[in-house]
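The next block holds one structure in the form of structure tokens; read it before the comments.
Every read-out reported here was derived from the displayed coordinates using simple, explicitly stated rules and does not represent laboratory data. Because the structure is a prediction, the values reported are computed rather than measured. So basically every Cβ, Gly included, is an ideal-geometry build from the backbone, and we count neighbours across all protein chains shown.
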């Protein structure tokens, strides 16, 4: 049978580390443009308690999204041991394009994927590069699309990348700015003939675009009296939390059902979008509860949000790479393990896929 397999994994963790203490000198305002009166140290401490974020990484001033995407891509290609000229597709999940340090203008002409193809020196004209904008679930959506192309018989090898430089489009006067970060992760997918079924077993996608659609949006700075025409990333955190807990576990369960998995305890690792530690933990607990299981193995869902923050489309592939390379204590991957990948984000969109390692 033909299996869609991850044959190479790579990531790039940007060099600039910004700790929570680095925000102590900031002035934060509410969405009503009222100054938050609580001491900044208290605001920072509360955010860490909720999100689990102690530090985050930012790209260097001379780096763009396409630059860090290309580094992660090169590492995935090298890990797969393939000739990049053999790639049929390069799919880049991103949301804001290349943004020069010190500016807020989004540059997506040409696409980030085209820039990655150029950076890798690929001359094959039948290697098709394109971007997808799907919020934080973009990388998973890229994997799902590659698998669909494989099954349609139009491709056999794909490079799927998630890269973002969110630090360039955050409002320094919005406390939510402390959540976002930069990063890039990539995988090589190949359609391989094997005797047993493994790789991608199933996938599911859910999208709500009515009252939920603007939980993540772009808007002006929260600081009043500033002559600033730019728009920054904003979110309704409580609404997103409630939305995620209501819909994400159901989508994850549906994905497992499509794979013929009836017992949640068969899942060895859950790679969930690193958005918020408490939210992710609650989603996993609710998923297990749907199966009537109340005792959740604390090692089932690895996390890297504590030191890397929320890099949107890059969180899952960077997390996968770190577990793959043994860089997160206590977490390993073994042949035959059942893995579940899931994400939620702007749109509002949810997706997931089940994978036999």
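What to note about this one:
- As a length-normalised measure over Cα pairs under 8 Å and 6 or more apart, the relative contact order of the stretch 199-356 settles at 38 percent.
- Between the beta carbons of residue 61 and residue 195, assuming R0 = 45 Å, the FRET efficiency works out to 0.30 to the nearest 0.05.
- Overall form of the stretch 226-342 per C-alpha gyration tensor (a/c, 1.5; a/b vs b/c): oblate
- Nearest-ten-degree value, helix 40-51 long axis tilted from longest Cα axis of the chain: 20
- The chain - convex hull of alpha carbons, volume per residue in Å³: 134
- Sites residue 118 and residue 214, calculated FRET efficiency, Cβ-Cβ separation with R0 41 Å, nearest 0.05: 0.70
- Estimated inter-spin distance, residue 133 and residue 154, nm [label 7 Å along Cα→Cβ]: 2.2
- Across the stretch 151-201, the relative contact order, built from alpha-carbon pairs under 8 Å that are at least six residues apart, equals 44 percent.
- Rg to Rh quotient for the stretch 2-193, alpha carbon positions, Kirkwood Rh: 1.06
- In the chain, Cα pairs under 8 Å separated by at least six residues give a relative contact order of 25 percent.
- Each listed q (0.10, 0.21 Å⁻¹) maps to a log10 I(q)/I(0) for the stretch 169-307, found by the Debye formula over equal Cα scatterers with no solvent: -0.48, -1.39.
- Square roots of 5 times each gyration tensor eigenvalue, C-alpha, the stretch 110-155, largest first, Å: 20, 16, 7
- Kirkwood Rh in Å, taken over all unlike Cα pairs in the stretch 1-76: 15.8
- Packing, as the average of other Cβ atoms within 10 Å across residues, places the peptides 269-278, 102-111 in the order 269-278, 102-111, highest first.
- Convex hull volume per residue in cubic angstrom - Cα atoms of the stretch 158-209: 143
- For the peptides 286-296, 3-13, 181-191, residues were scored by their other Cβ atoms within 10 Å and the scores averaged per peptide; the highest-first order is 181-191, 3-13, 286-296.
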